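The values are calculated or read from the model by the stated rules, or taken from the named source; none is laboratory data. All values reported here derive from a predicted model rather than from experimental measurement. All Cβ positions, glycine included, derive from the backbone under ideal geometry; neighbour counts span all protein chains shown.
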Number of protein chains: 2
Amino acid sequence: MSPHTPAGRARRRVGRPTSRVLSRRMIIETGLRLLDEQGTEGAGMRAIAKELGVQPSALYNHVAGHAELMAGVRELLGERIPVDMFAERPWEEALAEWATLYRSAFAAHPATIALLAVLPLAEDTALTGMYDTVVGTLVRAGCREDRAVSVVVALESFILGSALDLIAADDMLDPGPRDDVPAFSSAYRARAERLAETGQRPADASFEIGLRAMIAGFGAEFGAGPA
Amino acid sequence: MSPHTPAGRARRRVGRPTSRVLSRRMIIETGLRLLDEQGTEGAGMRAIAKELGVQPSALYNHVAGHAELMAGVRELLGERIPVDMFAERPWEEALAEWATLYRSAFAAHPATIALLAVLPLAEDTALTGMYDTVVGTLVRAGCREDRAVSVVVALESFILGSALDLIAADDMLDPGPRDDVPAFSSAYRARAERLAETGQRPADASFEIGLRAMIAGFGAEFGAGPA
DNA sequence: ACCTGAACACCGTTCAAGT
DNA sequence: ACCTGAACACCGTTCAAGT
């Protein structure tokens, strides 16, 4: 039995290949695709290498390691968040839409949320352009300049926390039949009925309610002018 | 050289020990302690077992696995969040203090944040009592009953997201000397100056600003009465 | 019931060898 | 410069054997 190459791909000999077989971009995109298709477990260095038809060690010529690779995935997702709405609509509406799309960018890739939420954003990133747009809008809306960055970070914290909530089970908080927490049991049932009527997911309802409250709160602050 | 036991502890023979050497509680508390002392990497099954002077496999008599163990750690931290303030103070103040202590409970154990943020809360947990108190307060303050649970979840999302922000580097967003993002650069500098004056950490400033906005927003909603 | 000890099936990462 | 192939130093988890 002569050695056969799996999946019909010609086996490479040792030594430098005649043409580049890998690139940083290919690796990161494959990482994101495996994350989507297989979940967190299926997107390790070995799995990505296998998908690309190379040895795991080959990846290290293009990425520093698994953590840096995942940071690349996060940036890839971040770049897809649009900011056009800030030029076109009142700041409250634009901010709400931006936050919703921001959360959706992660929500579309559930397996990434847990992985990416805990990663710091890279320093010099394309996301800085997004911050510039949002911060500029806030200041023009009446936000104190020395508070604008904190406002954006607070919103991002809420967005990320809400994305994490999205991967939790819908019935996670269900108190069940216990009768020692009456206020919670009653409110839980009331919410369940309401959600059943509207067909909304619990995590979506919480996100919407929290987002509206934050934006309303910021609006009151901006309107009040400089303290 | 006869085999010596390390650290002066008598080596156990094989077979069931005469008295219990482990308990679920011991294991979870050791997990939290190692998380604090050594960080995420130092709190694996093997490290916890070593710290307790047992073989890794012994842990599986008391916990289902590493994930379930970490869920226990999270519950341990959650139980330490006090709720007395709701009985004593106006709801806005109580809610703000609760949220701050909630975040501090995680902030006191930085290595846990990334690990615990992505874990769903256990279903039947002591935390349900906390939810009961908070939800009851919100409803009495004028919150619609079918929205109260979502309000609490939204707050928790913000709290967790803010805790994650706490483990990011303080200068993470620094745009540096680039001149293509003027609004952001200017606002970033203004914030840096303000923080230098007050000595506040960036993550703390964002948390405070976001928390006040959310609570103000909820207050406006509650005051408006049922829609 | 609850431990030890050995083994299994994985990881990410390093590095010499090869072109 | 950029790949292969082998090795290193880990993981979490399973399970038979032992008391």
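Look at the stretch A:191-202 and say how many of its residues are within 26 Å of the chain's Cα centre (by Cα) and facing chain B (nearest Cβ under 8 Å).
Restricting attention to the stretch A:191-202, the residues satisfying the condition of being within 26 Å of the chain's Cα centre (by Cα) are A:195, A:198-202.
Those left that are additionally facing chain B (nearest Cβ under 8 Å): A:202.
The total comes to 1.
Counting only residues that are touching a residue at least 24 places away in the same chain (Cβ under 8 Å) and either near DNA strand D (Cβ under 6 Å from one of its atoms) or within 14 Å of another protein chain (Cβ to nearest Cβ) (or both), how many does the stretch B:46-67 have? Break it down into steps so the answer makes sense when it comes.
Taking the stretch B:46-67 as the starting set, the residues that turn out to be touching a residue at least 24 places away in the same chain (Cβ under 8 Å) are B:52-54, B:58-59, B:61-63, B:67.
Next, only the ones that are either near DNA strand D (Cβ under 6 Å from one of its atoms) or within 14 Å of another protein chain (Cβ to nearest Cβ) (or both) stay: B:67.
Looking only at that region, the number is 1.
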- Do we have any residue at all in the stretch B:15-30 that's touching a helix residue (DSSP H, G or I) at 6+ places or on another chain (Cβ under 6 Å), free of Cβ contacts under 8 Å to residues at least 24 places away in the same chain and away from DNA strand C (no atom under 14 Å from the Cβ)? no
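Take B:Gly210 and tell me if it is assigned by TED's automatic domain parsing to the domain that holds B:Ala111 and over 16 Å from A:Ala148 (Cα atoms).
Details: assigned by TED's automatic domain parsing to the domain that holds B:Ala111: yes; over 16 Å from A:Ala148 (Cα atoms): no.
Against the criterion (assigned by TED's automatic domain parsing to the domain that holds B:Ala111 and over 16 Å from A:Ala148 (Cα atoms)), B:Gly210 does not qualify.
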- Task: Kindly establish whether A:Ile215 is surrounded by 13 or more Cβ atoms within 10 Å (Cβ to Cβ), more than 15 Å from A:Gly161 (Cβ to Cβ) and in the same structural domain as A:Ala107 (by TED's automatic domain parsing).
- Result: yes
- List every residue pair whose Cβ atoms sit under 7 Å apart, with the two residues 6 or more apart in sequence or on different chains, where the first one lies in the stretch A:152-181 and is closer than 19 Å to A:Thr133 by Cα and the second, anywhere, is surrounded by 15 or more Cβ atoms within 10 Å (Cβ to Cβ) and charged (D, E, K, R). A:Val153/B:Asp165; A:Ser157/B:Asp165; A:Ile159/A:Arg103
- Message: Of everything in the stretch B:30-71, what is within 15 Å of the chain's Cα centre (by Cα) and either among the basic types (Lys, Arg) or surrounded by fewer than 19 Cβ atoms within 10 Å (Cβ to Cβ) (or both)? Give them in sequence order.
- Response: B:Arg33, B:Asp36, B:Gly39, B:Thr40
- Message: Can you report the number of residues in the stretch B:193-222 which are within 14 Å of B:Ala99 (Cα to Cα), of a type in the set (Phe, Trp, Tyr) and in contact with a Gly (Cβ under 7 Å, 6 or more places away or on another chain)?
- Response: 0
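Going residue by residue through the stretch B:92-113, is there one that turns out to be within 12 Å of DNA strand D (Cβ to nearest atom), without any contact (Cβ under 8 Å) to a residue 24 or more places away in the chain and over 16 Å from B:Ile159 (Cβ atoms)? Give the derivation first.
Initial filter on the stretch B:92-113 (within 12 Å of DNA strand D (Cβ to nearest atom)): none.
Scanning the stretch B:92-113, I find no residue that is within 12 Å of DNA strand D (Cβ to nearest atom), without any contact (Cβ under 8 Å) to a residue 24 or more places away in the chain and over 16 Å from B:Ile159 (Cβ atoms), so the answer is no.
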- Item | Residue that is farthest from B:Gln38 (Cα to Cα), among those in the stretch B:87-104 that are within 8 Å of the chain's Cα centre (by Cα) and crowded, with 20+ Cβ neighbours inside 10 Å | B:Tyr102
- (1) of a type in the set (Ser, Thr, Tyr); (2) over 26 Å from the mean Cα position of the chain (by Cα); (3) over 28 Å from B:Ala117 (Cβ atoms) all hold for A:Tyr188 apart from (3)
- Message: Can you report the number of residues in the stretch A:137-157 which are more than 7 Å from chain B (Cβ to nearest Cβ) and more than 22 Å from the chain's Cα centre (by Cα)?
- Response: 7
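Just to be sure, is A:Val118 without any contact (Cβ under 8 Å) to a residue 24 or more places away in the chain, touching a helix residue (DSSP H, G or I) at 6+ places or on another chain (Cβ under 6 Å), at the interface with another protein chain (Cβ under 8 Å from one of its Cβ atoms) and surrounded by 18 or more Cβ atoms within 10 Å (Cβ to Cβ)?
Details: without any contact (Cβ under 8 Å) to a residue 24 or more places away in the chain: yes; touching a helix residue (DSSP H, G or I) at 6+ places or on another chain (Cβ under 6 Å): yes; at the interface with another protein chain (Cβ under 8 Å from one of its Cβ atoms): yes; surrounded by 18 or more Cβ atoms within 10 Å (Cβ to Cβ): yes.
Yes; evaluated as a whole, the condition is true for this residue.
For the condition at pLDDT 95 or above and in contact with a Lys or Arg (Cβ under 7 Å, 6 or more places away or on another chain), what is the one hit in A:Gly65, A:Gly31, A:Gly53? Even if it seems obvious, please write down each step before you answer.
Working: A:Gly65 fails: in contact with a Lys or Arg (Cβ under 7 Å, 6 or more places away or on another chain); A:Gly31 fails: in contact with a Lys or Arg (Cβ under 7 Å, 6 or more places away or on another chain).
Answer to the check: A:Gly53.
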